[in-house]
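**Q** Below are the C-alpha cells for one structure; questions will follow.
Just so it is clear, none of the values below were taken in a lab; they were calculated from the coordinates. On a predicted model such as this, the values are computed, not experimentally measured, just so you know. Cβ: placed from backbone, ideal geometry, glycine included. Neighbour counts: every protein chain shown.
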Amino acid sequence: MLRFTLPDGSCKEFSSPISVAELAATIGTGLARAAVAGRVDGKLVDLTTLLETDGAVEIITPSSPEGLEIIRHSTSHLMAHAVKELFPTAQVTIGPAVADGFYYDFDYERPFTPEDLVAIEARMEEIAARDLPVARQLMGRQEAIDWFLAQGERYKAEIIADIPADQTISLYRQGEFMDLCRGPHVPSTGRLKVFKLTRLAGAYWRGDSRNKMLQRIYGTAFPDKKALSAYLTLLEEAAKRDHRKLGKELDLFSIQDDAGGGLVLWHPMGARMRQTIEDQWKQAHREAGYEFLYTPHMANLDLWRTSGHLDFYRESMFNPMTVDEQAYQIRPMNCPFHILVFRSRIRSHRDLPMRWAELGTVYRYEMSGVLHGLFRVRGFTQDDAHIFCRESQIETEISAILDLTLLTLRTFGFEHFEVNLSTRPEKSVGSDEIWDKATTALRNAITHHGLDYCEDVGGGAFYGPKIDVKITDAIGRKWQCSTIQLDFNLPERFDIGYIGEDGARHRPIMIHRALMGSLERFFGILIEHYAGHFPLWLAPVQAVVLTITEAHNDWAMEVGQKLRAAGLRVETDLRNHKVSYKIREHAMRKIPWLLIVGEREQAEGAVSPRDRHGKELGLIPLETMLQRLLEESANRT
C-alpha cells in the first residue's frame, strides 16, 4: 500500500503507483484542472511523474510562486517554438523565467522588429490552441549534442557540452519543437492562455561582451487576464516614471559615451539633490555616533591581494595600472582602507565600538550589455560604513544600525520593508560559537524592531551572516537597498586586533553596512518613486517667484532674496512673458511652489502661491509663506 502525505497533514493511500495528476484528481476536480506540477519530498516534478514510493506530495498551482514560474518558463518555450516556426533559421539559446516574466535569446540574421513581435505572439496563441502535449524525454549527453547539431542548434550543443559526461540530459518536446530543460513544465500548451511579449533587447551570448550579440525577446505570462492587465498598467506607469527619461527632462544627470559607459555626470539640479541627500545622511550619522573617513580611489595591488578581492572578485575589477613600476588597482570596495585605518595604531577594548562611515566612490567593471541608467553603472558612491566591535556588542550595534536604516529610508518616503536574514552556508570561516552568536543577534534585532522577515537558510556569505532590507516604491515595486553584513574573514586576513580587559590581544568583529546602497541607484529609485515630483525638502528648486509684468521685478527679487537668505532653494523668473506661459513651463519642471507677484502682492508685501497640484492659495503675506515653506521642508512632508 502506497501512502502519500498532503500539506494539510492528511494522507492518501493507493494499492498501486499513481501519477501526480491522478493524485490531484482524487483530491478535487478544481485542483486537478488548476494543477501545473507537483512537489514530491521537496522536489518539483511534472504532473506525469509516477509516484511509486511513500512520500510527501504537494500539488502546485499557478497561484503559488513556483506555479507562476512554471507557467512563465513554459511560455518562454512556447515563444521559442513560435519563433522557430516563423523564422526556421533562428537559433535558440537560453530562455529562463525571471522576476516579472521571461525572456529568450535568439541568433538570427536580421534584427527582430515590433511587427515580428506581433506575429510571434499570434503564432504563440495558435500553438497554445493546438493543446500539444508537453512531454519530458531523456537522452545521453553525446546523443543530445548530436541531435541539436543536426538541427543546426550549435548554442544548445555548446551548453550540453559543458554538462558532465555522466549526466543524462533532460529535454521537453511539444509537437515538432524540442528544447533542453530540467523542467517541470505544464502538461500541454493549452494551459498557456494569458501572455504578452513586451520588448526587444540585445544580450551577449553568456553575458560576455567578447561573444556574439544576440536578440532578446522579453515577455510575461499570468494565470488570468486580470493579473496581466494589472501588470501592463504597471508597466505603463513605470515607463512614465523611468528615471532615464525624467533625468533628461528635469536636467538632473546624464551618461555620455564621450565620458564612457556607466559613468554618471551630475548636472546642477541633480547635484543640488545629491548634496541634500548627503547632508541628511551625514547629519543622521553624526547623531548616531559615527566618524567620517576619506580614503583613496586606488591602492597598491597587494592590498587587494591581502583582502582577497584579487582572488574572488577579479572579474568585477578594472585592470591594474602601473605606477613607479608597481601595480595599482582602482578600488572596487572601501573596506580594506577602513581596516588600514583601524590597524594604524594599537586599539583598546575601551575604543570599541568604532563606527566609521564614508561616501566612497568605487569602480567596478560591468559589461556594456547590463548597464542600465543609474541602476547599473561602473562608477558609484556607496554610503559605506564599517563598525569594529567586541562579540558582546554585536546585538547592540546591529539594533542601532537597523534604527538608522529605518530612519533613513523613512526620511526619504519609504514605509514598507521586506527583510531577509541569510544564515551560515556549508562552507564558511569562523567558529560555530561566533556564527550562532552573530545569527542570533541579527534575528533578535529584526524581531525587536517588529519587522517580518524571511530566513534564507545557508544563503549567507562564507564570512558571515547578513540582513538585507528591500523597500517598496509608490507603484509597488521592491528594491534591494540596505545591507548589514557581519565579517569574520577580513579581520583575520589583515590580522587586526585590540587589547582586551585581560591584557591579551583579541580579534574584533567587523560589520559592513550600507543604508542606501549607492547614491546613484538610490537617486534613480527616488526619481521613479516620486515620478519627479520631489517633496519640498528634496526638490532641487523649491520655489520659483514669477512676475506678472516687469513693473514687479523689484518686489520679485526682494522676495527671492529673503527666501534664499532663509536657506530655501529659490529661482526668480523675471522674463517678459505671459505669466500663464511661465506657470506652464515651471509646472513641467515639477517645481513644488510657484509664487506669483503682481501689483497687489507688491503693495501688500505678499505673494500668491500656486502649489504643485495647481491649487491657488490666494494672497498670503510673505512672512507667512516663508514660515510655511520652512516648516514643510523641516518636517520632510
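**Q** Helix 519-530 sits at what angle to the longest principal axis of the chain, using alpha carbons and giving 0 to 90 degrees rounded to 10?
**A** Relative to the chain, helix 519-530 is tipped by roughly 90 degrees.
**Q** So for the pair HIS372, ALA119, with labels modelled 7 Å out along Cα→Cβ, what separation do we get in nm?
**A** 2.9 nm
**Q** Quick check for me: using +1 on Lys/Arg Cβ and -1 on Asp/Glu Cβ, what's the dipole size of the chain about its Cα centre, in debye to the nearest 20? Intermediate values should be presented prior to the final figure.
**A** Working: 76 positive and 88 negative charges, 172 e Å.
That gives the chain a dipole magnitude of about 820 debye.
**Q** Binning every alpha carbon pair distance of the chain at 10 Å from zero, what are the percents per bin?
**A** Here the calculated profile for the chain is 3, 12, 18, 21, 20, 15, 8, 3, 1, 0.
**Q** Magnitude of the Cβ-charge dipole of the range 319-401, K/R +1 and D/E -1, about the Cα centre, nearest 20 debye? Write down the numbers at each step before the final one.
**A** Values: 10 positive and 10 negative charges, 17 e Å.
With only Lys, Arg, Asp and Glu charged at Cβ, the dipole is about 80 debye.
**Q** Can you find, among ALA161, ALA129, THR396, the residue farthest towards the positive end of the dipole of the chain? Put +1 on the C-beta of Lys and Arg, -1 on that of Asp and Glu.
**A** ALA129
**Q** Separate question: For the pair ALA129/VAL323, report the inter-label distance in nm, with labels modelled 7 Å from Cα in the Cβ direction.
**A** Label at ALA129, label at VAL323, 6.7 nm between them.
**Q** Please give the Cα centre distance for the range 221-288 versus the range 19-35, rounded to the nearest Å.
**A** 46 Å
**Q** Then there's this: Any chance you could give the angle, 0 to 90 degrees and rounded to 10, that helix 268-287 forms with the longest Cα principal axis of the chain?
**A** 90 degrees
**Q** What ranking do TRP266, TRP555 get, fewest neighbouring Cβ atoms within 10 angstrom at the top? Intermediate values should be presented prior to the final figure.
**A** On the way: TRP266 17, TRP555 21.
Exposure proxy ranking, most exposed first: TRP266, TRP555.
**Q** If the cut-off is 18 Å between C-alpha atoms, which lysines fall inside it for LYS156, apart from same-chain ones fewer than 8 positions away?
**A** LYS84, LYS212
**Q** Related question: Among PRO609, SER74, ASN553, which residue has its Cα positioned farthest towards the positive end of the charge dipole of the chain, with +1 placed on the Cβ of Lys and Arg, -1 on the Cβ of Asp and Glu, and the dipole taken about the Cα centre?
**A** Result: ASN553, furthest along the dipole toward the positive end.
**Q** Any aspartates and glutamates with Cα under 17 Å of the LYS582 Cα? List them, leaving off those in the same chain fewer than 8 positions away.
**A** Result set, ordered by chain and number: GLU249, GLU550, GLU571, ASP573, ASP611, GLU616.
**Q** I need LYS282, LYS196 ordered by Cβ neighbour count within 10 Å, fewest first.
**A** Final ranking by Cβ density, sparse to dense: LYS282, LYS196.
**Q** Determine the sum of side-chain charges near ARG182: Lys and Arg each +1, Asp and Glu each -1, restricted to other residues whose C-beta is under 13 angstrom from that of ARG182.
**A** -1
**Q** Magnitude of the Cβ-charge dipole of the range 543-634, K/R +1 and D/E -1, about the Cα centre, nearest 20 debye? Kindly include the intermediate steps, with their values, before the conclusion.
**A** Numbers: 14 positive and 14 negative charges, 96 e Å.
Dipole size: approximately 460 debye.
**Q** Calculate the length of the line joining the C-alpha centroid of the range 417-440 to that of the range 545-622, in whole Å.
**A** About 57 Å separates the Cα centre of the range 417-440 from the one of the range 545-622.
**Q** Moving on. Starting with the fewest neighbours, write out THR439, THR483 ranked by other beta-carbon atoms found within 10 Å of each beta-carbon.
**A** If I rank by nearby Cβ atoms, fewest first, I get THR483, THR439.
**Q** Report the FRET efficiency, 1/(1 + (r/R0)^6), for ARG628 and ALA32, where r is their Cβ-Cβ distance and R0 is 41 Å, rounded to 0.05. The partial results should precede the final answer.
**A** Working: r = 63 Å, r/R0 = 1.55.
Calculated transfer efficiency: 0.05.
**Q** Between ARG110 and VAL579, what's the calculated FRET efficiency when r is the beta-carbon distance and R0 is 56 Å? Round to 0.05.
**A** The formula returns an efficiency of 0.55 here.
**Q** May I ask which of LYS12/LYS43; LYS240/LYS466; LYS470/LYS615; LYS240/LYS562 have a Cα-Cα span longer than 29 Å here?
**A** LYS240/LYS466; LYS470/LYS615; LYS240/LYS562
**Q** Also, I was wondering about something else. Can you give me the angle between helix 225-241 and the longest principal axis of the chain, using Cα atoms only, in degrees from 0 to 90, rounded to the nearest 10?
**A** Its long axis makes an angle of about 30 degrees.
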